[in-house]
1. When only C-alpha pairs under 8 Å and at least 6 residues apart count, what is the relative contact order of the chain, in percent?
2. Could you pull out every whole DSSP H run in the chain that spans at least 24 Å of Cα extent along its own axis and averages -0.5 or higher on the Kyte-Doolittle scale?
3. Grab the DSSP H runs of the chain that are 4 residues or longer, score each as -39,500 (n - 2.57), total them, divide by all residues and round the 222 nm result to the nearest 500 deg cm²/dmol.
4. In Å and whole numbers, how far do the C-alpha atoms of the stretch 51-103 stretch along each principal axis, longest first?
5. With the calculation restricted to Cα positions, what are the radius of gyration and Dmax of the chain in angstrom?
6. Please give the net charge around His106, taking every other residue with its beta carbon less than 13 angstrom from that of His106, where Lys and Arg add +1 and Asp and Glu add -1.
7. Under 37 °C and 0.692 mPa s, how fast does the stretch 1-54 diffuse according to Stokes-Einstein, given a Kirkwood radius computed over C-alpha pairs? Answer in µm²/s, whole number.
8. If I model a spin label as a point 7 Å beyond the Cα along the Cα-Cβ vector, how far apart are those points for Ile62 and Ile4 in nm?
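Since every read-out is calculated from the coordinates, none of them should be taken as a lab result. Remember, it's a predicted structure, so these values are computed and weren't measured experimentally. Heads up, the Cβs are rebuilt from the backbone with ideal geometry, glycines too, and the neighbour counts pull from every protein chain shown.
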Amino acid sequence: MTDILFTLYPWIKALHIMAVISWMAGLFYLPRLFVYHVEQAGTVDGAGAIFEVMEEKLLRVIMRPAMIVSWVCGLILVLTPGIVDWSWVWPWTKGVSVIAMTWFHHWLALRYKAFAAGENALTGRQYRMMNEVPTVLMVIIVLSVILKF
């Protein structure tokens, strides 16, 4: 099993990076769609329905699969012997940040459901502020992995 993990390591790592990029793109874009949904949907007849289709497709077709592949590949990488030294701080900061990013993903999915039910209670400004959450988490994750503090 260890031989297979070492052989596949660069491929799993490459797939992990591609999945994370896709997931992050969605995490950055969906709150922005929510901003436009709140601020513009009432100005054009039928625009709200168009935003809901865009939001649902982004969540279901891009973000969810990318998150799952990110998690699966990440766990495989963590299970590869000799890759992670748990006595360091960086795997813990990355792990906590990835869990927070997953929570944010689910929070966004709940916001989508609120829009679809006509129950959105947040403003464009609030969604703009929430748009910074994945940026902060990304900075923590990248610094943790690269600098290995």
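1. Numbers: 123 pairs, mean separation 54.3, N = 149.
Relative contact order of the chain: 36 percent.
2. On the way: long enough: 2-40 (54 Å, 0.88); 90-116 (39 Å, 0.27).
Both cut-offs are met by 2-40, 90-116.
3. Numbers: 6 runs with 115 residues, N = 149.
Calculated at 222 nm, the ellipticity per residue is -26500 deg cm²/dmol.
4. Per principal axis, max minus min of the Cα coordinates gives 46, 19, 9 Å.
5. Computed over the Cα atoms of the chain, radius of gyration and Dmax are 17.8, 59 Å.
6. Numbers: positive: Arg64, Arg111, Lys113; negative: none.
After counting each charged neighbour, the total is +3.
7. Details: Rh = 13.9 Å.
The Stokes-Einstein estimate is 237 µm²/s.
8. 3.4 nm
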